[in-house]
Every structure is written in C-alpha cells, then in structure tokens.
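This report refers to the structure that appears directly beneath it.
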Amino acid sequence: MMETEVDRELLEKIADMLGKPVGAFNIRKDCGCDGRQSTEHIKIDNRTDGKSGIDIRILDGTVGETCHIPVIITKPGVQETVYNDFYIGENCNVEIVAGCGIHNCGEQDSRHDGVHTFRIGKNSHVHYSEKHYGEGDGKGGKIMNPQTIVYLEEGASIQMDTVQIRGVDSTKRYTKIVCGKGAEAVVTERLLTHGEQVAESDMVIELNGEDAKGRVISRSVAQDTSSQVFRPCVVGNAKCFGHVQCDSIIMGSAKISSVPEIAANDTEAQLIHEAAIGKIAGEQLLKLETLGLTEEEAEDCILKGFLA
Amino acid sequence: MLELKHVCYAVQEGDAQLGILNDISLTISDHKLVVFTGPNGGGKTTLAKIVMGLVQPTSGQILWNGQDITGLSITERARLGISYGFQQPPRFKGLTVRRLLTIASGNDKLSKDQCCQYLTKVGLCANDYLDREVDASLSGGEVKRIEIATILARNSQLMIFDEPEAGIDLWSFARLTETFEQIHAAGSATMIIISHQERIISLADEVIVVGDGAIRHRGSAQEILPQILSDTLGGCPVLSKGGAAQ
Ligand SMILES: Nc1ncnc2c1ncn2[C@@H]1O[C@H](COP(=O)(O)OP(=O)(O)O)[C@@H](O)[C@H]1O
Ligand SMILES: [Mg+2]
C-alpha cells in the first residue's frame, strides 16, 4: 500500500494520514481495496449484498478509538458509487475519518459517490470528518456526490465536519440526520469553490425526540465564476432546539444562493436560522495591510480564517 | 523622522471641492510622543490615515526618515516601520486574537507568553482572549484594546494610535497610559496619539491642536492643556484665534 507519491499526498490531504494509521482503517484506491485493518472493537468487512463498499461494526463501549476510511482515485475515468454502512453500538466514543481525493490528469471525468449510513446506538458519540480534495490538470472533471444518512438513538450524538477546499469541479451533497430523544447533531460545513466549479448542498435534520438538538454551521467562499447553493433544513417534531447558520463570502463573478429552512411541527420546538452573504470587507483588507501583508496575503489570511 | 509638507486633502461634494485638510506641514522627530487633539471632525483621523497610506493626499508630500513615501502602498509603509491603530477597528470572523497578534508581530512563532504580554499591556486578561475570534462576540472596548495590542506587537518605529481611550474602562485606561509611558521612556518608538484625554495629553512632548483641517496650535502639554480646558468651558478661543505656529 501507499506506493506512489500521489497516493501519499492525497491521503495526507484528505485524512491527515502519514504512513499507516493507528486503529482500524480501510483504504480504497481506484475501486479496489488497498489496505484494511480491523481491531478488536472495530470490524470492517465487505458488504454482502453485492454493492461495493464496506460494513463497519463498532462494538458497545468502544471508547477513544479511530477508524480511517479514505478513498483515493488516481486514474482518469473512474466512476463509482460506494455504500458504507456503520453500525455503532451503545456507549461508544469514536472518531471516524473519511474523505476522498481525486487526482485526475486525463480527459475523462472521475467521479466518486459515497453513500454513508450511520446507525449510532444509545449514548454514543461519533466525531465524523470528511475532506474532499481534487487535483491534476487534465480536462477530466473531479466529481464527488456524497450522501450521509445518520440515525441517532436516544442520547447519541454526532459531530460531523465536512471540508471541501479547492479542486472539486462538481459536488452535490445530501445529508440527513434523524435525532431521537436527547440526541444531538452538530454539522459544520466548509466549502471553497473556484474556477467554474459548482457545489450544491442539501441537508435535513429531523429533531424527532424530546430535547433533541441540531446545529448547522455552514461557511463558504465562492470565487471566480463558481456557484453554490445551500439548502439546510431543520425540522422540529418535538420539544427541541435547532439552529442553522450560513455564512458566505462572495468574490469575482461567483453566485451563491443560501436557503436555510426551519419547520416546526410542535409548539415546543425552538428553531432559529441566520444566513449572510457578502464580500470581504475592505476595512479588513486594509487593516491587515497595515500589519505588513500584501493585498493578496491579506485576502488569503481572511479566507483561511473564515474557513478554519 | 516624519515630515509632512503642504499636505492637502479634498473631496468632491457635488460641484464643489470640500477641503478636509488644508496645507498641513509638520515635522516629528524620533522618539517623540506627540498628541493630536482638537474637535471632532477636525481632520485628525484623516491626517493619520494619510501617514499610513490609507488615504491619498490631494497634494503635498510625506517623508519618512528622509524618504518620500507619498507614492508607497500601505504594505510598503508598514514594512518601513509605520503602524496605525484604527479608531474603529474592523472585526474578523474566524481570526483569533492570537493569530492577529502573530500576524502583527511578523513572527510566525510568536509564543503564547509574548501574546499574553501584549494583552496584559492593554488591560486584557490574556487567557480569556487568546483563542477567541475577533468577531461580533467581542465588545467595542475589547476590540479596541486588541487593536492597540496589535500595534504593540508590531513594535514599529512609528506607532499611531487613534483615540485609544475610546470605550475603555478606567482600570484598563490606567494600564494603557503606563504602557505609553514605558514605550516613551524606553525611547524605542515615535508615537502619535490622537486623544482627548488630559492624562494622555500630559504625557506628550508636544501637543498639536487640529481643527477645520489645519494645525491650530502647537506647544507643550503645559501650554496647551490650560487652553483646551478653558475652551471646553467657554467657547473656542484656541480655534477661533486661528493663529497656529506654522
Ligand atoms: N472621504 C470623505 N468624504 C467626505 N468627507 C470626509 C471624508 N473623509 C473625511 N471626511 C470629513 O472630514 C472631516 C474630518 O474627519 P476626521 O479626519 O475623521 O476627523 P477627526 O478624526 O478629527 O474627528 C469630517 O467632517 C469628515 O466627515
Ligand atoms: Mg477621528
């Protein structure tokens, strides 16, 4: 595994992986398995229903363990849909690092559609992070369409951090989280598009159980002629709390549409949404220039901070 | 040494030219602490911004250590050792106090200890602030003190502070004046402080009263303070006298 420089670089970019990861992992490369390790508490197996992808089972009470499941595509023209199912027991606290890196130097499009389903047991906490990254100067598109479906049982929680910074030509993401009693979902989304890239993100958080909480924090930057559409929606079906916050910086001739939605079906549901789109404030650039940065450095610094 | 030669700044207001600064000439020698004071709208901030390069004068020259910097960018002036603490500092979503101080210092490895020292000097308890973002969650007074801390971190040869006292509680204000005194005593920088505070004015080697876009009066703190105090009590003799040394 990890033969080439390209592989190493992609894996580091998307999963902060330097060498073989500690704990459980599964590395998918160009539609094949490029390394796998289960642990005593985290079992990774091929699916049994014929679809490509893996089943990940995490035993009750697994605490402090990690599971890395990066996907890399290094050949042009690879197109795949992969189904990964997570079965997480009760009283766990685990970190799952996914991510997809595409290196495309060819003429044909490369596309990865990852469908992830999480079933998270009572009182378990999952930190799920997912980075998307594309590179290579061929004409072939780098396309990623992730779908993430999460079911949170009583008292369970997920913190989901997604990042796509540069390089992905087209993305259509769909996220759905269903929260049971006292469950909590915190989703942070970071996105930067440039060139002619397009990005769309649909999100639904259903707060079904009493005292469920949902929070969406979306920050994005659209440069050049790229375009972005956000449709985060929080639905309150019980006494619950939900907050959606979308914040975007628009540059060049980009287009951003931000459509946060909140829907209440219970008088005890308390839901808030905020959305803002604006350019970088001139005063911010000037201030950083007075600290010795050039205009370009100042802009870069503001964007990095905003997307951090 | 900072020299302004016949600096004018005018803006177009409909068909008419509105003079904001009218033929300002002055010299500030190294390691001096000079206070600019005078009524609101007199042109103090505009003058400071012209030195920093944030505003381009309509005519006139700015010389820094003998070099004509009138045509230089903000960045270039910053790198030549000029710094300016904004009267109304901008906020930054996503930039932490620590990051901002690090940028200001120009030292990517600025230690936590050093950051803390800068914050302490403006009366902020460092541990509460280092990792906070300089965003809307901070009060005006907090943002203002962080702004001043960035100028301290920059440690440049010329430091310009624009109404540093604004929005600051008494205790922090005392801490801040001490800091100005220390810098002055150490002779490590030239300071221009735009201020209305008697306590700050009294620290000055020289006080310059700016009104209606011109220098109305220059003198020592001992000379100027009594006049300012009497102005605020009865009319505006200094300003209406209009007679300023050069
Ligand atoms: N770009 C501008 N356009 C119009 N008026 C301006 C501009 N810049 C400054 N002024 C005016 O010039 C005057 C001086 O402003 P300022 O330098 O901020 O004064 P001070 O700092 O002494 O209170 C004010 O009346 C202000 O409204
Ligand atoms: Mg002012």
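Any read-out appearing in this document is the output of simple, stated calculations on the displayed coordinates, not a laboratory observation. Computed from a prediction, not measured in an experiment: that's the story for all the values here. Backbone-built Cβ (ideal geometry, glycine too); neighbour counts: all protein chains shown.
Along its first, second and third principal axes, ordered by size, region A:11-69 spans 34, 32, 14 Å in Cα coordinates.
Can you flag which of B:32/B:112; B:44/B:144; A:239/A:279; B:49/B:144; A:142/A:279; B:32/B:121 are past 29 Å Cα-Cα? Violating the 29 Å limit, Cα to Cα: B:32/B:112; A:239/A:279. Peptide B:83-93 has a mean shielding of 4, counted as Cβ atoms of other protein chains within 10 Å of each residue's Cβ. Value of Rg to Rh for region B:87-155, rounded to two decimals, is 0.91; Kirkwood radius and Rg both from alpha-carbon coordinates.
Subtracting the Cα-Cα distance of residue A:91 and residue A:66 from their residue separation scaled by 0.36 nm leaves 7.5 nm. With Cα atoms as the point set, region A:1-163 shows a radius of gyration and Dmax of 15.5, 48 Å. Using only Cα atoms and rounding to the nearest 10 degrees, what angle (0 to 90) does helix B:221-233 make with the longest principal axis of chain B? The answer is roughly 80 degrees. Over all orientations, chain A has a Cα convex hull whose mean projected area works out to 16.5 square nanometres.
Between B:33, B:138, B:176, where does the largest GNM mean-square fluctuation fall for chain B, given springs only between Cα atoms within less than 10 Å? Largest GNM mean-square fluctuation: B:138. The GNM of chain A, with springs linking C-alpha atoms under 10 angstrom apart, assigns the highest mean-square fluctuation among A:207, A:286, A:18 to A:286.
With the convex hull drawn around the C-alpha atoms of the protein assembly as shown, the volume per residue stands at 194 Å³. Taken over region A:169-279, the alpha-carbon convex hull comes to 64 cubic angstrom per residue. Only one residue of B:153, B:140, B:170 has its Cα farthest out toward the positive end of the dipole of region B:107-182, where Lys and Arg carry +1 and Asp and Glu -1 on Cβ, and that residue is B:153. Would you please give the residues with an amide H less than 5 Å from that of residue A:233, counting only those at least 5 places away or on a separate chain, with H modeled from the backbone geometry? Residues meeting the criterion, in which the H sits 1.01 Å from N, are A:203, A:204, A:205, A:261.
Within region B:1-139, the proportion of Cα pairs with more than 26 Å between them is 39 percent. Cα centroid separation, region A:88-144 to region B:118-166: 41 Å. Relative to the longest principal axis of the Cα atoms of chain B, the long axis of helix B:112-121 lies at roughly 40 degrees. With the cut-off at under 11 Å, measuring from each backbone N in region B:136-174 to a point 7 Å along the Cα-to-Cβ line of residue B:114 picks out B:153-155. For region A:209-273, the share of alpha carbon pairs falling in successive 5 Å distance bins from zero is 5, 18, 24, 15, 13, 10, 7, 5, 2 percent.
Beyond 22 Å, the tail of the calculated P(r) for chain B holds 54 percent of the Cα pairs.
For chain B, modelled as a Gaussian network with Cα springs under 10 Å, which listed residue fluctuates most, B:186, B:48, B:214? Comparing B:186, B:48, B:214 in the GNM, the peak value goes to B:186.
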